[in-house]
Amino acid sequence: LEEAVRHYFREHAALKQREFRAFVRRGCNNLLIGVAFLVACFAVGTFVGRLGYAALGDGLKESLLIGGWVAMWKPLEFVLYDWWAARDELRLLARLAEISVKLGVP
């Protein structure tokens, strides 16, 4: 029984490890896309700000900057918060794969 429990948690940990790698890869890709979009918004906003239409240019420039930062919301959420929970779950499963199981007889 002990080996069956350990095997279950080893397999579950291996599955979660694969999911975690895909999750991190997806998060890193999203971060790169978000940073590229933010840089593009800064560049276009700077260009628009120099066109000479003061009120319209400033409004469009600020709108682009806000849009760039909003696009960074999810990638920053991943970097700052999301991956911790997934990593903790992996650690728990690894510890459970090493547990000792004892059956008590009444």
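Sorted into 10 angstrom bins from 0, the C-alpha pair distances of the chain split as 14, 25, 19, 15, 11, 8, 5, 2, 0 percent. Only Cα pairs under 8 Å and 6+ residues apart enter the sum, and on that basis the relative contact order of the chain stands at 46 percent. Applying both filters, DSSP loop and at most 12 other Cβ atoms within 10 Å, to the trypsin sites (Lys or Arg not before Pro) of segment 1-75 gives Arg50. Estimated from helices alone, the mean residue ellipticity of the chain at 222 nm is -28000 deg cm²/dmol (sum of -39500 (n - 2.57) over DSSP H runs with n ≥ 4, per residue). Among the helices of the chain, those built from whole DSSP H runs whose Cα atoms reach 24 Å or more along their own axis and whose mean Kyte-Doolittle hydropathy is at least -1.0 are 2-49, 54-71. Restricting segment 68-106 to trypsin sites (Lys or Arg not before Pro) that sit in a DSSP loop and have at most 10 other Cβ atoms within 10 Å of their own Cβ leaves Lys102.
FYI, it's all coordinate maths here, none of it is from the lab. Just so we're clear, the structure is a prediction, and the values are computed from it rather than from any experiment. Cβ coordinates were reconstructed from backbone atoms using ideal geometry, including for glycine residues, and neighbour counts include every protein chain displayed.
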